[in-house]
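The values are calculated or read from the model by the stated rules, or taken from the named source; none is laboratory data. Model, not experiment: these values are computed from the prediction. Here the Cβ positions follow ideal geometry from the backbone for every residue, glycine too, while neighbour counts run over all protein chains shown.
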Amino acid sequence: MARPERSAGFGARALGALLDQARELPPRSIAPLVADAVNGFGGRGPAILLQDYGQLVLVPLPGLAVGEPVPIDGSPEGAAFLRGVPVEEPRADGVRMCLPLLDGGDEVGVLALTLDTVDEDDRRLLRRFAALVADLLITKSGYTDRIFQARRLEPMSVAAEIQWSLLPPLAMTVPRVAVAGILEPAYQVAGDSFDYALNDDLLHVATIDAMGHGLDAATMATVAIGAYRHARRADIGLAEIYAFMDRAIAEQFGPDHFVTAQMMRLDTATGHLQWVNAGHPMPLLIRDHVVVERLESATTLPVGFGGEEPVISERLLRHGDRVLCFTDGLVEEREAGGEQFGEEQLIEWVNRVERSQDGVRAVVRALSHVLKEKRGGFTSDDATLFLIEWR
C-alpha cells in the first residue's frame, strides 16, 4: 500500500482547505472536520483532549474517539501537555502522536492520533495542523458552552463560574517571559483571582483575594479585577492603579469590605521588577530552582480601606529568576494537628517541586496539588499560585 502523501505542498493545500471550511463552521462540526482531515493524511484514532478545571486529567472532546479521561501525570498525552512539545509513542499498530494544542503562548489541550510511520514531513504537517485546531477551539469557544462543559468533572458553583469567566489564559509562554497560575478549589473558588497582560515589553500582573466566601466574594473580586484592568489600560502607574482600585471597592461595597492585592510590572527587556503589596503575603524569589528570599516590601492597606499612596518596591531580576505570588489560603490552612501549614513548609515544597519539574506550568500545577495533599486534601479557603519566569 502506498504511503499517504504528507509533503510540504500537500500539507499547505490540506491546511488551506481546512481553514476555508472552518470560517463558518458551527462549533459542533469541529470534531468531524478534524476527523476528516486526519483521515485525509493517513491518520486514525484522532482525539482532542482538554484540560479539566482541576488540572488532573485530559478530557476527550465529544465527537471524536470515545474514551475515558487521560491522567496528566504518567501519560504521553500529559507529557505533551505539560512540556508543550510533541510526544511520539511507538505502538504495535504504528506511532501514537500527541501534540500540544498551542494558541500563541496559551495551551488548549492535546491532539492525539496514530500514523503508521513518522518522518519530518509528518512532524511539520502535524505541528501546523495542531496549531490550526487550537485556533479553532479558541475561536469557537467564544460562542458555545460545549467546550467548557467537556472540561467539567463535577458541578461548579455560581461563584466559581464567575471567577473562571474573569481569568486570562492560565499560562503564557513567549521568548522573554513565561507565566502560569492556578486556583483552588477549582469548582468552588470565589474570592481569589489573578490577571496579567503583556503590553510591548511590560508584563503587568495582579493577584487578588477578596474577603468572604461565595457570591459576595466573587462579586467583589469581579469589581477589583475590572478596576485593575481599567486602570492598567489607562497607562497609569502602580500607585495610581492602587488608588483607583481602592476607590472602586470602597464606593461599591462600603468601608467594611476589602480586597488584598499585589500589583506588579516586569520590564521583560531589562528584568526590572516593580510591585505594590496591599496586604498580600510576600512573594518568593526563586533562583536556580531554590527559594533564595522573600521579596520584602513596605505594605499598604488592602484595597478598599483608603490607604495612603503606596511605596513601590523594586528589584532587578537575573535571567532565569522566578517570582512566586500566592494568597494566604495556602499558608493559613490548619493541618490535622491544628497547626497552620505555614510559609516554611511552603518554601520547603517549592524547593522540592522546582527540582522535579520543568516549566512554569508544570511547577505551578504540581505545587498546587502537592500542597493541597499535604494540607489534608482539601482547603477551607481559596488558594492561588502565580509564577513568573524572566527568560
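Brief remarks follow.
- Looking only at residues in the range 277-311 that are small (Gly, Ala, Ser) and at positive phi, the one that is surrounded by the fewest Cβ atoms within 10 Å (Cβ to Cβ) is GLY306.
- Checking the range 215-231 against the condition returns no match, with no residue being touching a Pro at 6+ places or on another chain (Cβ under 9 Å), surrounded by 18 or more Cβ atoms within 10 Å (Cβ to Cβ) and hydrophobic (A, V, I, L, M, F, W, C).
- Residue satisfying condition, being in contact with a helix residue (DSSP H, G or I) (Cβ under 7 Å, 6 or more places away or on another chain), farther than 15 Å from LEU50 by Cβ and buried (at least 19 other Cβ atoms within 10 Å of the Cβ), within set ALA178, ALA171, ALA160: ALA178
This table checks each residue for (1) touching a residue at least 40 places away in the same chain (Cβ under 8 Å); (2) under 24 Å from GLY45 (Cβ atoms); (3) assigned by TED's automatic domain parsing to the domain that holds GLY16.
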residue: ASP93; (1), (2), (3): no, yes, yes
residue: PRO100; (1), (2), (3): no, yes, yes
residue: GLY109; (1), (2), (3): yes, yes, yes
residue: ARG127; (1), (2), (3): yes, yes, yes
residue: LEU132; (1), (2), (3): yes, yes, yes
residue: MET172; (1), (2), (3): yes, no, no
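- Tally of residues being closer than 25 Å to GLU184 by Cα and in contact (Cβ under 8 Å) with a residue 60 or more places away in the chain across the range 218-248: 3
- Some residue of the range 258-265 being surrounded by fewer than 20 Cβ atoms within 10 Å (Cβ to Cβ) and either free of Cβ contacts under 8 Å to residues at least 40 places away in the same chain or not in a strand (DSSP E or B) (or both): no
- Scan of the range 23-55 for residues that are under 23 Å from the mean Cα position of the chain (by Cα) and under 14 Å from VAL110 (Cα atoms), ordered by number: ALA47, ILE48, LEU49, LEU50, GLN51, ASP52, GLN55
- Scanning the range 302-316 for residues that are in a loop (DSSP other than H, G, I, E, B) and either of a type in the set (Ser, Thr, Tyr) or without any contact (Cβ under 8 Å) to a residue 24 or more places away in the chain (or both) yields a single hit, GLU308.
- Residue tally, condition farther than 25 Å from VAL223 by Cβ and either in contact with a strand residue (DSSP E or B) (Cβ under 7 Å, 6 or more places away or on another chain) or not assigned by TED's automatic domain parsing to the domain that holds ALA243 (or both), over the range 283-296: 8
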